[in-house]
Amino acid sequence: MKTKLTVGSLTDTGLMRMINEDSIFCKKGDGIHIFCVADGMGGHAHGEKASGEIIEAIKKWEMSFYPEKYDCDFIKILDGFGNCLQDVNGKIYRQYNAEEVCGSTVVALLIYEGFYAVFSLGDSRIYRMRRFRFEQITTDDTWQNSAGVFGCMDDVTMRLDSRYDKLVKAVGIRENVVFHRMTDRLRRGDTFLLCSDGIYKTCDLRVLRRICAGMAFGYGRAEEKMKEIKICAYQKNAPDNLSAILVHVNDIKK
C-alpha cells in the first residue's frame, strides 16, 4: 500500500529565547513515514540535548528499519519504536539528570500501510483534521489532567491554581516512563499538525484549524501554511521556541 503525503515543517527560536531547545524529524520513507516534534524542557539543564537525543535515536531506528524485520506487522513495528523511545528515555535520565532536571516532551506520528500511530509524552500536541472535524488527539501530561485532579474541581478553580499547566511527565526525567500510544486507520484527506506548546499557546486554535482546513481542502501549500503559523506567533511576540510539522494525506493506494 502506497501513501502519498504532503509535508511542511517549521522550527524557530522565537523572539525571546536565546537558543532553540526544540528538535524535529520528518521522514517520508519507502516502508514507513515518521514525523516527530520534541521540546526540550525550557529553564532546565541541556533541554536542547534531551530533544536532540530523541531525534537522533529515532533517526537511527528509521535508518535500520525494514518491514520484514518486524514480520511486516504494524503492532510489532510499534513495539520496536516504543522500545526505541524507552531506550532514549533511559539514556537521557542517566547522562543528563545527575545534578539538574533534564528532559523533553515528544509527539511522534508513524504512517504505515493505511494505518497511523501516535506516541506522546509531555505537553506537545498532535491535532487531526478529518473532513470538517478538528481535534486534539494527544493528551497533555499537565497537572490539571493528572489522576486525582481531573474531574475533582471546576475549571475556574483549576485555572487559578499555581500548578495549572505544569508539566508532570516528560522523556528523561524518570528512569521508567509510560508513553501514550494510539492507532487508527488512515483516511484520504486526513491532515495532522504536530506542534510544541510554543505554537498552540501563542496561536489561537481557530487559526490552527483554519490552516489545517485549508491544507485538507487543497488551499495553499504546506510550507505556506508553516509561514502563516510563524507570522501568527511573531505577531504575539513568540515568547517560546516554535516547532510544527504539517502532514496531509493526499492519497492511499493498494
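Residues checked against (1) under 30 Å from Gly218 (Cα atoms); (2) at pLDDT below 95; (3) open to solvent by less than 30 Å² (accessible area, probe 1.4 Å); (4) over 18 Å from the mean Cα position of the chain (by Cα):
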| site | (1), (2), (3), (4) |
| --- | --- |
| Glu21 | no, no, yes, no |
| Phe25 | yes, no, yes, no |
| Gly29 | yes, yes, yes, yes |
| Lys59 | no, no, no, no |
| Gly80 | no, no, yes, yes |
| Lys91 | no, no, no, yes |
| Glu99 | no, yes, no, yes |
| Leu110 | yes, no, yes, no |
- Message: So for region 117-131 (the condition being loosely packed, with under 12 Cβ neighbours inside 10 Å, over 21 Å from Ser196 (Cα atoms) and over 22 Å from the mean Cα position of the chain (by Cα)), does at least one residue qualify?
- Response: no
- Query: Any residue in region 44-52 that is modelled with pLDDT of 95 or more and not in a helix (DSSP H, G or I)?
  - Reply: no
- Task: Please find, among Leu167, Leu186, the residue that is aliphatic (A, V, I, L, M), within 16 Å of the chain's Cα centre (by Cα) and at negative phi.
- Result: Leu167
- Looking only at strands (runs of 3 or more DSSP E) that fall completely inside region 141-254, which ones have 1 or more residues that are over 27 Å from Met18 (Cβ atoms), open to solvent by less than 20 Å² (accessible area, probe 1.4 Å) and hydroxyl-bearing (Ser, Thr, Tyr)? 191-195
- Message: Quick check on my filter: what residues within region 3-62 are on the phi > 0 side of the Ramachandran plot and touching a strand residue (DSSP E or B) at 6+ places or on another chain (Cβ under 7 Å)?
- Response: Gly14
- Please specify each residue of region 120-138 satisfying the condition of being out of contact with any Ser or Thr (no Cβ under 7 Å at 6 or more places or on another chain), in a loop (DSSP other than H, G, I, E, B) and not aromatic (Phe, Trp, Tyr). Arg131, Ile137
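The values are calculated or read from the model by the stated rules, or taken from the named source; none is laboratory data. All of these numbers come straight from a predicted model, not from anything done at the bench. When we count neighbours, we look across all protein chains shown, and the Cβ atoms used for this are built from the backbone with ideal geometry, even at glycine. Heads up: the accessible areas ignore ligands, DNA and RNA and are worked out on the full protein's heavy atoms, side chains in. Shrake-Rupley method; radii C 1.70, N 1.55, O 1.52, S 1.80 Å.
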